[in-house]
Amino acid sequence: GVAAHRGAVVLLVRVAERPEAWAGWVGLPRWSEGRLVTDWVPEAEVQWIDPRVVRLRSTGQVRLTFASHLRIARSADGFHVDAWGATPLVPQSPWEEYGIEDPRITWLDGRYWVTYVAVSRWGVATALASTDDFESFHRHGIIFAPENKDVVLLSERVGGRWAAIHRPAPATPLGPPGMWLAFSSDLEHWGGHRPLVWPLGHWESARTGAGPPPLRTAEGWLLIYHGVAPGQRPHDIGRYQAGALVLSADNPARVLRRSRPVLAPQTETEEEERGFVPGVVFPTGLVDRGETLLVYYGAADTCTAVVEWSRQELEAVMEPVASAP
Ligand code: MAN
């Protein structure tokens with residue numbers, strides 16, 4: 001996630017840590033009382049689901065092979081990191097024990113609000129924190145229960161209420177995980193849920209989720225989002241690309257225009273086996289520079305990258321869509 005703060009770009013970066021290899025054992029990290037500890041499990045006890053996730057044969061428990069926390073980086077020009085913040089944001093509560101991930105920052109009502117993913121033995125939820133200096137954070141707890149990720153806040157009230165886009169992940173395969181809209185008067189209690197985005201193209205048919213918090217424009221809300229194309233086999237992660245759409249200003253449940261993919265895995269790390277999870281671009285931050293947009297994204301779950309888009313070119317590839325089903 002990114003924000004403009006005191007004339008610079010502030011990045012809240014997800015840092016994932018993995019224990020060093022130890023022959024015959026798999027190290028599964030978790031946070032406990034503010035410290036990172038590792039559970040060492042014999043290799044034979046572990047069934048790999050993908051590079052990120054294992055299942056323990058004895059208990060059936062699912063664990064991540066890494067644990068994430070968030071770090072602050074400051075950049076004057078948006079391209080080079082000038083300084084790292086002194087205090088990282090690390091997992092604190094039991095529902096953050098396997099890590100905190102994928103932050104998104106929204107400036108709203110005179111404060112920065114951070115939605116982030118909290119991972120634990122209870123599943124994958126979304127929590128809320130706020131700050132005004134990126135040095136100390138106030139935690140507001142979980143706002144969307146498991147499984148729910150890709151939560152972004154709209155920076156202005158709609159019809160008197162705050163609005164969020166969220167992405168519940170149903171286990172019953174009646175429909176692929178997709179984006180929903182919800183409303184709140186205090187940012188902590190959410191209701192009025194309704195489906196927002198349904199897949200149109202094959203590239204987004206496995207799942208979709210919001211990218212950076214939507215940008216208010218003259219036309220409405222510009223939302224960059226990720227779409228996933230199904231892989232070959234059932235457990236394949238699939239290919240992540242990004243698209244863009246515009247939501248109506250007074251009724252953000254209405255999608256006005258929508259693009260084909262505008263960002264695809266392209267660098268060697270993103271495309272090949274050199275990344276931790278190749279085939280993934282995952283935008284979560286946006287800086288409005290007027291004629292251009294800076295879009296910050298996770299590349300192959302390996303590094304953070306930035307791309308600069310011409311606003312005009314992006315506008316030109318978003319086509320009008322027929323109204324919601
Ligand atoms: C998926 C991926 C990972 C993430 C876990 C838990 O496996 O999105 O990057 O760490 O879910 O959220």
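The values are calculated or read from the model by the stated rules, or taken from the named source; none is laboratory data. Model, not experiment: these values are computed from the prediction. Cβ: placed from backbone, ideal geometry, glycine included. Neighbour counts: every protein chain shown.
Would you mention how many residues in the range 127-139 are in a loop (DSSP other than H, G, I, E, B) and over 13 Å from E96 (Cβ atoms)?
Taking the range 127-139 and keeping what is in a loop (DSSP other than H, G, I, E, B), we get 132-137.
Okay, now just the ones that are also over 13 Å from E96 (Cβ atoms), so 132-136.
Selection size over the range 127-139: 5.
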Which one of these is under 28 Å from A86 (Cα atoms), touching a residue at least 60 places away in the same chain (Cβ under 8 Å) and either part of a strand (DSSP E or B) or within 16 Å of the ligand (Cβ to nearest atom) (or both): I142, I105? I105
Tabulated pairs, the range 21-46, first more than 18 Å from W95 (Cβ to Cβ), second of a type in the set (S, T, Y) and in a strand (DSSP E or B), C-beta under 8 angstrom, 6+ apart or interchain: G27/T38
Quick check: is even one residue across the range 151-161 surrounded by fewer than 13 Cβ atoms within 10 Å (Cβ to Cβ), modelled with pLDDT of 95 or more and either under 20 Å from the mean Cα position of the chain (by Cα) or within 16 Å of the ligand (Cβ to nearest atom) (or both)? no
Please tell me if G99 is within 16 Å of the ligand (Cβ to nearest atom) and either over 24 Å from F282 (Cβ atoms) or within 18 Å of the chain's Cα centre (by Cα) (or both). yes
Counted residues in the range 29-57 being of a type outside the set (F, W, Y), away from the ligand (no atom under 14 Å from the Cβ) and part of a strand (DSSP E or B) come to 11
Pairs with Cβ under 6 Å, 6+ apart, first in the range 54-78 and under 23 Å from V2 (Cα atoms) and touching a residue at least 60 places away in the same chain (Cβ under 8 Å), second within 16 Å of the ligand (Cβ to nearest atom) and assigned to a loop (DSSP other than H, G, I, E, B): none
In the range 249-273, residue nearest to the ligand (Cβ to nearest atom) [restricted to those that are surrounded by fewer than 15 Cβ atoms within 10 Å (Cβ to Cβ) and more than 24 Å from E308 (Cα to Cα)]: E273
Within the bounds of the range 230-240, is there any residue that is within 27 Å of R289 (Cα to Cα) and modelled with pLDDT of 95 or more? yes
Which members of the range 58-89 meet the condition of being of a type in the set (S, T, N, Q), assigned to a strand (DSSP E or B) and within 14 Å of the ligand (Cβ to nearest atom)? S68
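Given the range 167-247, what strands (runs of 3 or more DSSP E) lie entirely inside it while holding 2 or more residues that are without any contact (Cβ under 8 Å) to a residue 40 or more places away in the chain? I'd like the intermediate steps shown before the answer.
Working: elements: 180-184, 191-195, 207-210, 220-229.
Filter on the range 167-247 gives 180-184, 191-195, 220-229.
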Restricting to the range 274-300, what's the tally of residues that are within 16 Å of the ligand (Cβ to nearest atom), in contact with a helix residue (DSSP H, G or I) (Cβ under 8 Å, 6 or more places away or on another chain) and in a strand (DSSP E or B)? 3
